[in-house]
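Asks: Here it is: the structure, laid out below.
All of the numbers you see were taken from the coordinates with simple rules; none came from a lab. A quick note: this is a predicted structure, and the numbers were derived from the prediction, not measured. Every residue, glycine as well, gets a Cβ built from its backbone with ideal geometry; the counts of neighbours run over all protein chains shown.
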Amino acid sequence: MRQSKGRIVADGVMAGLLGGLIIALWFLIFDAASGHPLQTPALLAAALLHGARTPVTLTAPAWTLVAEYTVAHFAVFAVLGAIGALLIDGAESHPELFGTLLIFTIAFEVFFIALVMLAGPAASAAMPWWKIIVGNLMATAGMLGFFLWRQPSLAQNIMGDWTGVVREGAVSGIIGGVIVAVWFLIYDVVTGHPFHTPALLGAIVFNALHQPESFAVTTALVLGYTALHFFAFVMFGVASSILMVASEHEPVLALGELVLFVWFELCFVAFVTFLDATAVEEIGWWNIIGGNIVALAAIVAYFEHRHPRIVGRIIERWEGLRDEAAAQRGAAR
């Protein structure tokens, strides 16, 4: 049953408010990790709403600035959520609107980054480009997930069987993320430093730390990195789910799972090494690879449970292709 436009817009506004909350929490964790809670909204309000062109040093939260930016922040996201909801609803009848929705999302990212850069050093200091992109990606995923949860029939009509594929991918990513998190927690507890690894990685990401021995384990660092950790694994899980389903029809694509895993590992190691080369040595190559291999095995086992003999069917298909190739070579002779 098709929902009314009013219900669509209302759910879009709620999704937008959720996205705004996700980014607000992202900013809060980021600021708390660096020891300056609420600095980002205050600096952005000073730059974007009051035209401050030079970096501003805030010794304490400027509550008026924080309140001003918070109101503007949630108002913008409520409007974005409503527009996105209307585009998704329209895509049910006009699939080409999905392209418009993608362009709309990318345009907002570029617009906000450009706006921050044009606002001057004050805003740029508060919002490096990667912080904007990661925060908005998490918010977009949260908004989309919430809206399609509120409109299950719309999700099914638009995405069809892909709805289940994405759902399974998200679950598999969470499973993999939990396994790696527990793996490092056990390692940290055994070595006598609970939560050392996520705090170290959080300090590197959030504080641009280059001396691992100089940081302290804090809740903000652990929570901030944990959010990034699970977001990355959910994205990996969704990509893995798509590849596993496609592999049932074309087994060559099963190699894509291995390539995806290697790419995922290399991106993580390269990113950490780029920020601090000594961190990978401190964590340990074997630790990183071991935890992720166990997580990959669990993800594959989950897909095997959801789709019995999916791995077996892929292997059988491989063997069939090999036999066909051998028969063709024999006929050619």
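Asks: What's the ranking of 266-273, 22-29 by average number of surrounding C-beta atoms within 10 Å, highest first?
Replies: Packing proxy ranking, top to bottom: 22-29, 266-273.
Asks: Under the 0.36 nm per residue contour assumption, what length would be gained going from the current alpha-carbon distance of Ile83 and Val259 to full extension?
Replies: 59.7 nm
Asks: Let me ask you something else. How would you classify the range 1-50 from its alpha-carbon gyration tensor, with a ≥ b ≥ c the square roots of the eigenvalues: rounded for a/c under 1.5, else prolate if a/b is greater than b/c, otherwise oblate?
Replies: The shape class here is oblate.
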